[in-house]
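> My questions all concern the structure below.
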Amino acid sequence: MEKAYYNHITDDLDALLNVLPEDLRERIQQIGRRDELLEVILDLGRVPTARYTDGEVVLSEREVTREDIQHVVERVGEFDADNRAGIARTLHRIAAIRNRKGDIVGLTCRVGRAVYGTIAIIQDIIESGKSILLLGRPGVGKTTMLREAARVLAETKRVIIVDTSNEIGGDGDIPHPAVGRARRMQVEMPSLQHEVMIEAVENHNPEVIVIDEIGRELEALAARTIAERGVQLIATAHGNTLDNLLLNPTLSDLVGGIESVTLSDEEARRRGTQKTILERRAPPTFDVLIEIQDRQRLLIHHSVAESVDALLRGRPLQAELRYRDASGEIRVEKAKPLSLEEREAGRARPSPTAPAPTTPTPLTPKIQEPVRIFPYGIARNRLERAARRMQVPVYVVDELGQADAFVTTKGFFRKRPRLITDAERKGIPVYVLRANTVAQMEACLSDIAEENHLPGPLTPALREADQAIRRILDGDADEVELSPQNAFVRRQQHEMAREAGLSSYSVGEEPNRRVRITRA
């Protein structure tokens with residue numbers, strides 16, 4: 001951490017060191033580098049380590065004992081339901097790892113720092129009155145920035161902090177001075193955070209509510225309720241980028257959510273897209289989203305709605321980049337428009353298996369024969385099993401030059417190996433799975449089959465759906481239940497029903513799940 005960039009930094013580090021066993025405390029003091037220390041790791045039966053900004057350092061060659069762990073536990077506050085404890089009037093966090101019997105067998109002692117001046121780079125946005133969501137990897141400084149935002153806003157507004165794990169305001173009943181005049185509401189247990197969020201609005205008349213780690217669906221719903229009451233929200237959420245948030249079904253509502261929409265043939269032709277597309281479901285809960293790439297570099301989406309729409313339509317994102325240069329000066333510039341392939345993370349478009357095309361997908365068939373798939377980092381036997389179950393005519397090939405489609409996982413795609421670069425250069429569509437599971441592969445094969453208009457063994461099932469639709473339209477039946485089919489076939493049957501102006505829904509459990517078509 002570079003102190004020159006900020007007005008003041010306090011960490012109360014001695015308070016944390018004093019709870020450690022004496023030999024470990026002395027070793028850390030001997031190393032120095034106090035400002036670079038992030039956390040101390042104590043795991044039963046392993047050597048103790050200290051994590052610094054540039055890596056780990058072994059503190060002792062002796063293994064951690066139960067006595068060492070108990071030494072720390074006796075000197076910190078009580079562990080809550082989320083297995084976190086603290087030290088009164090400090091920002092340090094001690095997180096416990098327990099065995100199956102509930103005994104503590106590991107500790108992560110994380111240094112908490114109050115960094116005054118850290119929001120200077122975005123202070124104009126913080127003071128704009130807009131609701132702001134902060135994203136970033138663990139340890140990048142989200143909570144530090146949140147705490148400073150609460151302090152600055154509390155000088156002129158009524159600010160309430162909903163402090164689930166006491167990370168913003170510190171442990172104990174008296175909040176840390178770093179939150180200034182902001183009031184702090186503690187949460188009895190993490191699962192009740194959403195209730196405290198609503199209570200804060202109803203009982204204490206805040207103008208601003210500050211929340212750390214929105215991670216559950218009920219909390220996302222509570223955030224929307226608060227925003228609709230005209231209260232400014234400043235919060236953090238799990239995820240590194242806007243792309244990640246869209247892929248998270250629990251939290252995507254924070255940025256408006258996603259729904260699948262079926263267009264008419266005419267509208268699909270006009271847009272130059274497929275008939276089934278993804279669109280934003282509702283206005284975002286947050287007006288502004290800030291991706292904290294590192295402590296001195298932020299990517300800002302001033303309009304979350306516009307950014308989400310751009311992602312869903314395959315357009316490059318327009319965002320603002322703010323960073324500190326070598327001299328510590330704040331620079332603001334328009335970020336280079338990023339295509340989906342160029343995003344640092346979450347490179348697949350917000351469908352977990354779809355490729356990220358740079359041009360609209362044509363409506364005419366591209367391939368009139370089985371698609372040849374090159375799997376990279378994918379379990380080949382699972383892919384072949386998924387193809388058999390889906391009845392999708394594909395071949396799995398061993399050479400990239402033979403491939404019509406390239407399928408890999410998100411982890412491999414982020415590493416950008418040469419094979420992926422070669423595939424993109426050759427114009428081969430790259431499909432990215434979130435995980436190496438059969439369910440993800442089936443969803444991917446469904447997209448491949450739809451985009452390439454694959455012919456073949458689906459005809460009998462679709463013919464059955466067509467006959468059912470005709471019976472209902474002719475008045476011979478009000479409802480027809482089709483025979484059990486896999487997910488891909490059911491999807492096609494649902495689309496046929498919608499195009500005919502009828503309703504449909506699935507009933508039963510796999511492998512006997514089936515479509516029921518009724519009058520709208």
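Read-outs: derived from the displayed coordinates by stated rules, not from any lab. In this text, all values refer to a predicted model and were calculated from it rather than measured experimentally. Using ideal geometry, Cβ is built from the backbone for each residue, glycine included, and neighbour counts are taken over all protein chains shown.
> In which sequence would Thr156, Thr262 go, from the one with the fewest C-beta neighbours within 10 Å to the one with the most?
Values: Thr156 11, Thr262 14.
Final ranking by Cβ density, sparse to dense: Thr156, Thr262.
> For the range 240-247, in order, what is each residue's ³J(HN,Hα) by Karplus, 6.51 cos²θ - 1.76 cosθ + 1.60 with θ = phi - 60°, in whole Hz (x at glycine and Pro)?
Per residue, the Karplus-derived 3J(HN,Hα) values read 9, 9, 4, 4, 4, 5, 5, 7 Hz.
> Hey, rough spin-label estimate for Ala379 and Asn83, points 7 angstrom out along Cα→Cβ, what's it come to in nanometres?
Reported label-point gap for Ala379 and Asn83 is 2.6 nm.
> Order these peptides, 45-55, 212-222, by their mean beta-carbon neighbour count within 10 angstrom, highest first.
Values: 45-55: 14.9, 212-222: 20.0.
Ranking, from highest mean packing down: 212-222, 45-55.
> Another one. Can you give the local net charge around Phe286? Use residues other than it whose beta-carbon is closer than 11 angstrom to its beta-carbon, Lys and Arg +1, Asp and Glu -1.
Numbers: positive: Lys130, Arg224; negative: Asp253, Asp287.
Residues close to Phe286 contribute a combined charge of 0.
> Further question on the same structure: Taking only Cα atoms of the range 132-222, what ratio of Rg to Rh do you get with Rh as the Kirkwood inverse-distance radius?
0.93
> Would you list, by chain and number, the aspartates and glutamates whose Cα falls below 13 Å from the Cα of Lys142, excluding same-chain residues fewer than 8 positions away?
Glu167, Asp212, Glu213, Glu291, Asp294
> Using a cut-off of 10 Å between beta-carbons, work out the net charge of the residues near Val64 (Lys and Arg +1, Asp and Glu -1, Val64 not included). Please list the in-between numbers first.
Numbers: positive: Arg46, Arg62, Arg66; negative: Asp43, Glu63, Glu67, Asp68.
Its environment carries a net charge of -1.
> Once you place label points 7 Å from the Cα toward the Cβ at Arg470 and Ile198, how far apart are they in nm?
5.2
> Would you mind ranking Ile174, Ile69 by Cβ crowding within 10 Å, fewest neighbours first?
Details: Ile174 11, Ile69 21.
Ordered from fewest to most neighbouring Cβ atoms within 10 Å, Ile174, Ile69 come out as Ile174, Ile69.
> Mind sorting Met145, Met496, Met197, Met189 by how few other Cβ atoms lie within 10 Å of their own Cβ, fewest first? Walk me through the intermediate numbers first.
On the way: Met145 25, Met496 18, Met197 28, Met189 10.
Placing the least packed residue first, the sequence is Met189, Met496, Met145, Met197.
> Continuing with the same structure: What do you get when you divide the Cα radius of gyration of the range 1-153 by 2.2 N^0.38 Å, with N the number of residues?
Working: Rg = 17.0 Å, N = 153, 2.2 N^0.38 = 14.9 Å.
Cα Rg divided by the expected 2.2 N^0.38 Å: 1.14.
> Right, something else. Please check which bits of the range 254-270 a label hung off Arg498 would reach, taking the label as a point 7 Å along Cα-to-C-beta and the cut-off as backbone N under 13 Å.
Label zone hits: 259-265, 268.
> Normalise the Cα radius of gyration of the range 459-518 by 2.2 N^0.38 Å (N = residues in it) and let me know the number.
On the way: Rg = 10.4 Å, N = 60, 2.2 N^0.38 = 10.4 Å.
Relative to the 2.2 N^0.38 Å estimate, the range 459-518 comes out at 1.00.
> Something else: With the crude spin-label approximation of a point 7 Å out along Cα→Cβ, what separation in nm comes out for Glu266 versus Asp103?
7.4
> Here is a further query. P(r) tail for the range 81-201, what percent of Cα pairs lie past 22 Å?
Numbers: 2703 of 7260 pairs.
Counting every Cα pair in the range 81-201, those more than 22 Å apart make up 37 percent.
> Net charge near Val159, counting Lys/Arg +1 and Asp/Glu -1 over other residues with Cβ under 10 Å of its Cβ?
Working: positive: Arg151, Lys157, Arg158, Arg181, Arg183, Arg184; negative: Glu155, Glu207.
Surrounding charge for Val159 is +4.
> Note the direction-averaged projected area, equal to a quarter of the hull surface, for the Cα convex hull of the range 117-342, in nm².
It is 13.4 nm².
> Also, I was wondering about something else. Which length gain, in nm to one decimal place, applies between Arg315 and Gln402 when the Cα-Cα distance is subtracted from 0.36 nm times their residue separation? Mind showing how you got there, number by number?
On the way: separation 87, 0.36 × 87 = 31.32 nm, distance 2.93 nm.
Answer, rounded to one decimal: 28.4 nm.
> Which value in deg cm²/dmol, rounded to the nearest 500, describes the helix-derived mean residue ellipticity at 222 nm for the chain, given -39,500 (n - 2.57) per DSSP H run of n ≥ 4 and division by the residue count? Walk me through the numbers on the way to the answer.
On the way: 16 runs with 152 residues, N = 520.
The per-residue figure over the chain is -8500 deg cm²/dmol.
> Could you give the dipole magnitude of the chain about its Cα centre, charging the beta-carbon of Lys and Arg +1 and that of Asp and Glu -1, in debye to the nearest 20? Mind dumping the intermediate values first?
Working: 74 positive and 81 negative charges, 227 e Å.
Using Cβ point charges on Lys, Arg, Asp and Glu, the chain gives about 1100 debye.
> Here is a follow-up. When the expected Rg is taken as 2.2 N^0.38 Å, what fraction or multiple of it is the alpha-carbon Rg of the chain? Walk me through the numbers before you get to the answer.
Details: Rg = 26.9 Å, N = 520, 2.2 N^0.38 = 23.7 Å.
Normalised Rg, Cα atoms only: 1.14.
> Please compute the length gained on full extension between Val57 and Ala326, using 0.36 nm multiplied by the number of residues separating them and subtracting their Cα-Cα distance.
Details: separation 269, 0.36 × 269 = 96.84 nm, distance 2.79 nm.
Residue separation times 0.36 nm, minus the Cα-Cα distance, leaves 94.1 nm.
> Sticking with this one: Stretched out fully, how many nm does the piece from Thr65 to Leu221 gain, at 0.36 nm a residue minus the Cα gap?
Values: separation 156, 0.36 × 156 = 56.16 nm, distance 4.39 nm.
Taking 0.36 nm per residue and subtracting the Cα distance, the gain is 51.8 nm.
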